[in-house]
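The values are calculated or read from the model by the stated rules, or taken from the named source; none is laboratory data. If you're wondering where the values come from, they're calculated on a predicted model, not measured in any experiment. Glycine gets a Cβ as well: all are built from the backbone with ideal geometry, and neighbour counts include every protein chain shown.
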Amino acid sequence: MVTWPILTAGVVPLQRLILVLHPLSNELHVITGGAARDIFVKAGHRVYLYLIEQDSTANTLLRVIRNISTQLKISWRLCRIARHVDFWIFFFGGPVLLLPMLTAKLLLKDVVLAFTGSAPEDMRAQAGRFISKVVGFLIKINCIFSSRMVIYSESLIKTWGLEKYEHKIFIAHEHFLDFDKFKVQKPLNGRENLIGYIGRLSEEKGILNFIEAIPRVLETRGEAAFLIGGDGQLRSQVEENANKSNNRVKYAGWILHNELPHYLNELKLLVLPSYTEGLPNIMLEAMACGTPVLATPVGSIPDVVKDGETAFIMKDNSAEGISRNIIRALTNPNLEKITTNALALVEKEFTYEAAVEKYRDILASLKAKKQIEAT
């Protein structure tokens with residue numbers, strides 16, 4: 001596996017994919033970095049981590065140089081361990097890792113390119129037009145060179161502009177839930193009207209709109225309270241607003257993954273007002289805990305959320321739209337039925353066994369491809 005050096009939010013997804021791939025491999029080599037130093041590998045698992053570190057900088061030119069340097073380091077590590085590897089899976093950041101992709105192809109190795117989000121929106125929102133075009137070009141080149149491509153849902157094929165590559169696309173994900181941990185501990189009718197946001201505190205996640213919506217909700221639902229959990233570049237703004245809220249908003253900071261079930265079982269509603277998403281695991285974990293979800297229809301969310309059946313969709317994630325939909329969700333007479341439907345869905349679709357089988361099919365297709373090429 002190859003990833004760009006990851007942030008803290010990427011540790012759990014990377015850990016999950018390692019666990020999914022483990023029964024499918026004799027050895028698993030992971031080239032990554034950043035917060036991946038916190039990845040936990042059980043004793044006896046033949047998993048080898050290679051950490052590539054990089055310095056942070058705000059200067060555009062230095063960022064480009066740093067990017068190239070990081071890709072060269074990854075490529076060098078690819079060469080060093082190539083004899084132990086049959087296939088590579090490019091995960092977080094994989095679609096833009098051109099130098100490692102070219103290195104893998106020169107070493108005659110097949111590459112599975114995994115798309116983990118709705119990145120075109122991310123690029124336009126955060127990188128600017130020029131950088132977006134450059135990144136788009138890199139993605140196109142990597143799509144050509146990849147042997148297989150993995151995407152969370154069919155709906156994202158068009159989002160990424162991958163229609164011409166449908167012959168090598170597999171629908172799969174690394175998402176699975178530990179239902180011994182993520183389960184209903186407190187019935188919905190026994191919870192206070194606590195409305196939550198848990199995720200990265202960055203602009204594309206819609207957190208500022210959520211904060212702006214809070215006073216609007218309190219005008220109608222004065223008994224409501226709000227919980228915000230997470231970290232990111234907007235943390236200071238979140239803390240400042242929480243301090244002004246007369247105890248109606250609690251900022252919990254970064255919530256450790258093993259503490260999430262407790263927090264989710266306190267919520268009456270989890271709100272995901274994102275402008276862009278892949279398949280947010282916090283949504284699935286909330287459903288497993290019997291917590292209603294209100295989300296925007298981005299990424300793979302519409303494949304899981306059917307409005308009024310398994311959760312709630314809001315097409316308008318402005319402050320006014322968020323507040324209106326929060327009240328709509330809280331006053332829905334079928335709220336408990338909706339949470340029951342959502343729980344049944346995740347228990348069926350997001351098991352460990354289901355995730356392993358999807359990746360088993362991908363690797364089997366690569367083995368068949370090699371056998372055909374060998375003959």
It is to be established whether one or more residues within region 220-228 are without any contact (Cβ under 8 Å) to a residue 40 or more places away in the chain, hydrophobic (A, V, I, L, M, F, W, C), touching a Gly at 6+ places or on another chain (Cβ under 9 Å) and surrounded by 21 or more Cβ atoms within 10 Å (Cβ to Cβ).
yes
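State the number of residues belonging to region 179-199 that are surrounded by fewer than 19 Cβ atoms within 10 Å (Cβ to Cβ), in a loop (DSSP other than H, G, I, E, B) and in contact with a helix residue (DSSP H, G or I) (Cβ under 8 Å, 6 or more places away or on another chain). Lay out the reasoning, then the answer.
Step one: filter region 179-199 for residues surrounded by fewer than 19 Cβ atoms within 10 Å (Cβ to Cβ), giving 179-181, 183-187, 189-194.
Those left that are additionally in a loop (DSSP other than H, G, I, E, B): 179-181, 183-187, 191-193.
Checking which are in contact with a helix residue (DSSP H, G or I) (Cβ under 8 Å, 6 or more places away or on another chain) leaves us with 179, 181, 183-185, 193.
The qualifying residues number 6.
Looking at Ala364, is it under 26 Å from Glu166 (Cα atoms), in contact with a Phe, Trp or Tyr (Cβ under 9 Å, 6 or more places away or on another chain), outside the structural domain of His262 (by TED's automatic domain parsing) and in a helix (DSSP H, G or I)?
no
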In region 308-322, how many are under 20 Å from Ile198 (Cα atoms) and assigned to a loop (DSSP other than H, G, I, E, B)?
6
What pairs come up if the first residue lies in region 176-196 and is within 14 Å of Leu260 (Cβ to Cβ), the second is modelled with pLDDT of 95 or more and among the charged types (D, E, K, R), and their beta carbons are under 6 Å apart, counting only those six or more places apart or on different chains?
Phe182/Glu285
Flag if Glu223 is assigned to a loop (DSSP other than H, G, I, E, B) and either within 26 Å of Arg16 (Cα to Cα) or of a type in the set (D, E, K, R) (or both)
yes
Out of all the residues in region 1-47, which are of a type in the set (Ser, Thr, Tyr) and either buried (at least 19 other Cβ atoms within 10 Å of the Cβ) or assigned to a helix (DSSP H, G or I) (or both)?
Thr3, Thr8, Thr32
Among all residue pairs at least 6 apart or on different chains, which show Cβ distances below 6 Å where the first residue, located in region 280-300, is farther than 12 Å from Leu267 by Cβ and the second is charged (D, E, K, R)?
Val298/Glu277; Gly299/Glu277
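Is one or more of the residues making up region 232-249 in contact (Cβ under 8 Å) with a residue 40 or more places away in the chain, within 24 Å of Val12 (Cα to Cα) and under 18 Å from the mean Cα position of the chain (by Cα)? Lay out the reasoning, then the answer.
The first filter runs over region 232-249 and keeps only residues in contact (Cβ under 8 Å) with a residue 40 or more places away in the chain, leaving none.
No; the residues of region 232-249 include none that is in contact (Cβ under 8 Å) with a residue 40 or more places away in the chain, within 24 Å of Val12 (Cα to Cα) and under 18 Å from the mean Cα position of the chain (by Cα).
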Single residue of region 323-356 satisfying the filter (in contact with a Phe, Trp or Tyr (Cβ under 6 Å, 6 or more places away or on another chain) and in a helix (DSSP H, G or I)) that is surrounded by the fewest Cβ atoms within 10 Å (Cβ to Cβ)
Tyr352
Checking the structure you have, find out if any residue of region 97-116 is in contact with a helix residue (DSSP H, G or I) (Cβ under 9 Å, 6 or more places away or on another chain), modelled with pLDDT under 85 and either under 30 Å from Ser155 (Cβ atoms) or in a helix (DSSP H, G or I) (or both).
yes
Which residue pairs have Cβ atoms under 7 Å apart, sit 6 or more places apart or on different chains, and have a first residue in region 63-74 that is at positive phi and a second that is modelled with pLDDT under 85 and polar (S, T, N, Q)?
none
Pairs under 7 Å by beta carbon, first residue of a type outside the set (A, V, I, L, M, F, W, C) in region 350-375, partner assigned to a helix (DSSP H, G or I), six or more apart or different chains?
Tyr359/Val20; Tyr359/Leu21; Tyr359/Leu24; Arg360/Leu24
